[in-house]
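What follows is a short report on a single structure.
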2 protein chains.
Amino acid sequence: MPKPKVSPRKRPRQARSTATVDAILQAATYILVKHGWAHFTTNRVAERAGVNIASLYQYFPNKESIVVELQRRHVESARPDNADAMAALQAKGSLRGKLGALIEASIDEHRAAPALHRVFAEELPRSARRTDPAREALVQATLKQLVSPFARNVPDLDLAVFVLRVAGHAIVHEAANQRPDLLARPELAGEIVALMERYLQRPSPSATPHPRKRNMRARPLSSHS
Amino acid sequence: MPKPKVSPRKRPRQARSTATVDAILQAATYILVKHGWAHFTTNRVAERAGVNIASLYQYFPNKESIVVELQRRHVESARPDNADAMAALQAKGSLRGKLGALIEASIDEHRAAPALHRVFAEELPRSARRTDPAREALVQATLKQLVSPFARNVPDLDLAVFVLRVAGHAIVHEAANQRPDLLARPELAGEIVALMERYLQRPSPSATPHPRKRNMRARPLSSHS
DNA sequence: AAATAATGTAAGCTAAAACTTGCTTTGCCA
DNA sequence: TGGCAAAGCAAGTTTTAGCTTACATTATTT
């Protein structure tokens, strides 16, 4: 399989052409969000952008490259936020504070453009998706650095960090896409922090493993189907 | 937009034709798993199945209907497992036992056909995806029933159940798709249970909010970036 | 202001992929 | 064993969508 091109075949040099490119990307965003990848065609994008299809192909070598550029601009615009979040992270001394800053940043990012975010994460085929495994690994490592000083009675820190990372992201992502009402509520971040914090800081194993005495107050009201 | 048809235009009546349908579905599975939705074409499916394209269209009105049937059979085959899991759930008295049974069932389900599961969840376009919102709501309600007797100091049970449901599923799903090594490890279920259990059973609010005395042993080794 | 480069567009081409038509073969049943 | 319905297939048709060619227009440079 030949690696598909991704970089534009021509760089816009005049104001006119950068406006054209912007129009194309804006139209592409609209089509993707409104109709999904299945109906995302170059002809349609060009039509909605009000530019000729041939002009589109002057700046984008193929269909995929349009959404690649969209994703590039998307993460680009999120970078300053990430920098802020990182600074805030260093400032907080407590685990709770650090986790809170992290989650808030993630929620903000999802709030910014939830529909587009969903398309990138769920709708694109693998060929057009910018999966950056290096970035994933970096996040994993950073998170591990962050939480490791606070972990108590965690048998496998790598496993725990995986659990935390996936859970945290999934909750925010799912709320953004399926339950915008939840994303809007201020308690959400606190709940995720609680989930993570208590998972990381467990009582010493000797306290729990006594099997008797466990359910002195845990009997349900009625546990029928 | 006219609702696309989904039911076969002709029901197979002889053994020969049910074999044809099976061959089509098997080929469809192969193509989907191996090459993804982008390369999933009716001609290709028919070719691999060794049946004529016209025969395919005798039993499937269109391309989408093939993967819809695939999904139908998939959940069909998972149903007995679910029944078993439900029975096991009732048997366990403790929260830990119930959660453990639930997670184990989910892990088993993902272990059974991880590649196909991934395709259904991540690769299909919305038009071909069988999202059953009623089922989602049912899961949410069932889970709430299950955990509500055990929740301690949880401010909003609905929110908490959302958090649990999404986190649990995401961890298993992500492990199945990105980290098969993790899915194979027996500790995984225990970790997820720990995450859920401790999140649900929190100390009374008056115990934590003393800000001093918090970090008597939590100072990191070295917290440089 | 002429030359040249950048940008824009009308009108297609092409290949692929969804889907049909018309006919033959196969199996069931009296 | 002949009649009939189910099943199968060769060879299309048609539409769609990615992409190109050849030319026209607009800006920049000297």
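Bear in mind that the values in this text are calculations on the coordinates, not laboratory data. The model shown is predicted, which means the values in this text are computed figures rather than measured ones. Note that we place each Cβ from the backbone using ideal geometry, even for glycine, and neighbour counts take in every protein chain shown.
Quick notes on this one:
- For segment A:177-191, taking the residues that are touching an Asp or Glu at 6+ places or on another chain (Cβ under 9 Å) and buried (at least 19 other Cβ atoms within 10 Å of the Cβ), the one that is nearest to A:Ala137 (Cα to Cα) is identified as A:Ala189.
- Members of segment B:77-100 found to be basic (Lys, Arg) and within 14 Å of chain A (Cβ to nearest Cβ), listed by number: B:Lys92, B:Arg96, B:Lys98
- Failed criterion for B:Asp22 (all others in (1) assigned to a helix (DSSP H, G or I); (2) surrounded by 16 or more Cβ atoms within 10 Å (Cβ to Cβ) hold): (2)
- Residues satisfying the stated conditions in segment A:19-36, i.e. within 15 Å of DNA strand D (Cβ to nearest atom), away from every other protein chain (no Cβ under 14 Å) and closer than 15 Å to A:Lys63 by Cβ: A:Ile24, A:Ala27, A:Ala28
- Any hit, segment A:125-136, residues being crowded, with 17+ Cβ neighbours inside 10 Å and more than 10 Å from chain B (Cβ to nearest Cβ): no
- Each residue in segment A:48-64 was checked for being within 18 Å of A:Trp37 (Cβ to Cβ), near DNA strand D (Cβ under 8 Å from one of its atoms), of a type outside the set (Lys, Arg) and not in a loop (DSSP other than H, G, I, E, B), and 2 pass.
- Filtered by the rule that a residue be in contact (Cβ under 8 Å) with a residue 60 or more places away in the chain and closer than 20 Å to A:His173 by Cα, segment A:76-116 gives A:Leu99, A:Gly100, A:Leu102, A:Ile103, A:Glu104, A:Ser106, A:Ile107, A:His110, A:Arg111, A:Pro114, A:Ala115, A:Leu116.
- Cβ separations smaller than 9 Å between residues 6+ apart or across chains give the following pairs from segment A:28-43 residues that are of a type in the set (Gly, Ala, Ser) to residues that are in a helix (DSSP H, G or I) and within 16 Å of DNA strand C (Cβ to nearest atom): A:Ala28/A:Val45; A:Ala28/A:Arg48; A:Ala28/A:Ala49; A:Ala28/A:Ile66; A:Ala28/A:Glu69; A:Gly36/B:Ser127; A:Ala38/B:Ser127; A:Ala38/B:Ala128.
- Residue in segment A:59-76 that is surrounded by 15 or more Cβ atoms within 10 Å (Cβ to Cβ), away from every other protein chain (no Cβ under 14 Å) and within 13 Å of DNA strand C (Cβ to nearest atom) present: yes
- Breaking point among (1) within 14 Å of chain A (Cβ to nearest Cβ); (2) over 16 Å from B:Val147 (Cβ atoms), for B:Ile103: (2)
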